[in-house]
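In what follows, a single structure is set out as structure tokens and then discussed.
The values are calculated or read from the model by the stated rules, or taken from the named source; none is laboratory data. From a predicted model like this one, the values you see are computed outputs, not experimental measurements. Cβ coordinates were reconstructed from backbone atoms using ideal geometry, including for glycine residues, and neighbour counts include every protein chain displayed. Heads up: the accessible areas ignore ligands, DNA and RNA and are worked out on the full protein's heavy atoms, side chains in. Shrake-Rupley method; radii C 1.70, N 1.55, O 1.52, S 1.80 Å.
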Amino acid sequence: MYAELRDTAGELAGILWREHTVYRERGGGVVIRGEHVRRWISLAPTGGKDRALLRAGRILDGGTTAPARTEVVVDLTAGTAELAAVCRRLLADVAAVAEPAPVPDRGGRAGKREKPGRKARAPRPGRRPRKGRHTSAGSLFVMLCVAAVLGAWLYSLFGGRGY
């Protein structure tokens, strides 16, 4: 089944995108990545003969893939042109899903996007933002105590004997 999926995916990739990458995924399916359009298509076996699960999704910043936005079971005996038409429809559905609009500037960073229904977190009262990495007074106190204990131990070993 993998060989059939691989051949079909290779043909589809050539029809859909000039620049593409075809690779095997863990579950035995095949993924076609179009980095330049930031989309991916996956063909996975369904258990039925000559049928495959066709899924489509986006490629996120950094190259990771987002979960599938749309999926459909297709018949692999259909021609490559018919499968390509189904793929284009799925890719159009993925592209139609609107990106979250930028939130109006409220004194913060311009164009900051937030998830719908979530409010921006207010800074904690009584705390000032850290400007750099400095050792706090508590850490310095702990280091001085450790040095004092080490000094007392060394003095007890070598200091009282008159060396």
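For this structure, a couple of remarks:
- Per residue, the solvent-accessible area of the stretch 1-86 (1.4 Å probe, heavy atoms of protein chains only, all protein chains present) comes to 54 Å².
- Loop-located trypsin sites (Lys or Arg not before Pro) in the stretch 30-68 (DSSP state not H, G, I, E or B) with no more than 13 neighbouring Cβ atoms inside 10 Å: K49.
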